[in-house]
Amino acid sequence: MFSDTFVAYLHTGLSGDGRSGTSLAAQRAAVARYRRGRGLLAAEIVETGEKGQGLIGPRLREALSLCRRHDATLLMADLSAFGEDAAFLHHLSAELRRLDLRFAAADRPEASEVTLGIMAALAEIEDRWSVSRSPEMVARRHAFYAHITAEGRALPTAGKGAAAAAATVRPRASSAGCGRAASGLAVSAQRSRRRAEEVAPILSEIRAAGALTLEQVANALNALGVPSARGNRWYPMQVTRVEKRLAAEGPATRPTPPSFAHSLHA
């Protein structure tokens, strides 16, 4: 079950990209609204000063330590201030997995320890791919996050650590194919390999969130608005082709939560 105890993490000053965060009063109000009917506040940690991109400061580490001590959920008041900081999201996701902790955001109720890794992987490549986030895409993506977060909250915590550990394995790019191809084919193959390498972290995070079949992965990529190599929808065969270009550590053997697996079918 979802923890009924929270450790609130608030921050002042500037976020890593120089944007001002919300006031402490506004953050405390947001935390209170989120907790209403959900649980008690075990502690409040306030990060002060300017924060560099990708950094997990000592106060956040203190908050994580308190979460372990109280078996509490880390409740961030203003995740949006870090929303474009892929390195921060990735590091926080890794720490949550390592410590086997839950996560929630007062200003982003669809976010959770399950979605942070996907959010980080998407942020890392969106600029490179020049992805334009339409309002429809953002709404669809938030709905997807909300659904898998809700399903995750309904699942027992047993085995969560094993799945998280497996999720940290990242596919590596495969070696070049045999033989000499014509110049045009070689360029195309190189582009395909590069695309596979770029999408690998997203595939890894989707697998970690519970997707096991090719259809589930394809549906998740479409829900997240990740364009295929040709800019079209993803289909299971395309996922197969990409994954065959990646030297994975091993076959995906993580158990798929039944409810989440069902939700990934279009």
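The values are calculated or read from the model by the stated rules, or taken from the named source; none is laboratory data. Just so you know, these numbers come straight off a predicted model, no measurement behind them. FYI the Cβ positions are ideal-geometry reconstructions off the backbone, even for glycines, and counts take in every protein chain you see. Side chains are part of the model used for accessible areas, which takes the heavy atoms of the whole protein and leaves out ligands, DNA and RNA. Shrake-Rupley method; radii C 1.70, N 1.55, O 1.52, S 1.80 Å.
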Original post:
Can you tell me which of G54, G83 is more than 21 Å from A29 (Cβ to Cβ), open to solvent by less than 40 Å² (accessible area, probe 1.4 Å) and at pLDDT below 95?
Top reply: G54
Original post:
Assuming A158 fulfils every condition listed in (1) part of a helix (DSSP H, G or I); (2) at pLDDT below 75 apart from one, which condition is it?
Top reply: (1)
**OP:** State whether the residues of the range 100-113 include one that is modelled with pLDDT of 70 or more and farther than 30 Å from V46 by Cβ.
**Re:** no
**OP:** Could you please find all residues in the range 77-109 being within 15 Å of the chain's Cα centre (by Cα) and among the aliphatic types (A, V, I, L, M)?
**Re:** L79, A86, A87, L89, L92, A94, L96, L101, A104, A105
**OP:** Can you run down the residue pairs with Cβ atoms below 7 Å, 6 or more apart or on separate chains, where the first is in the range 205-230 and closer than 25 Å to R98 by Cβ and the partner is in a loop (DSSP other than H, G, I, E, B) and among the aliphatic types (A, V, I, L, M)?
**Re:** R207/A252; A209/V114; A211/L264; L212/A252; V217/A211; A220/A211; A220/L264
**OP:** Filter the range 202-232 for residues that are surrounded by fewer than 20 Cβ atoms within 10 Å (Cβ to Cβ) and modelled with pLDDT of 90 or more and give the result.
**Re:** T213, L214, E215, N222
Original post:
Out of (1) at pLDDT 90 or above; (2) farther than 13 Å from A8 by Cα; (3) not basic (K, R), what's the single condition that is false for A72?
Top reply: (2)
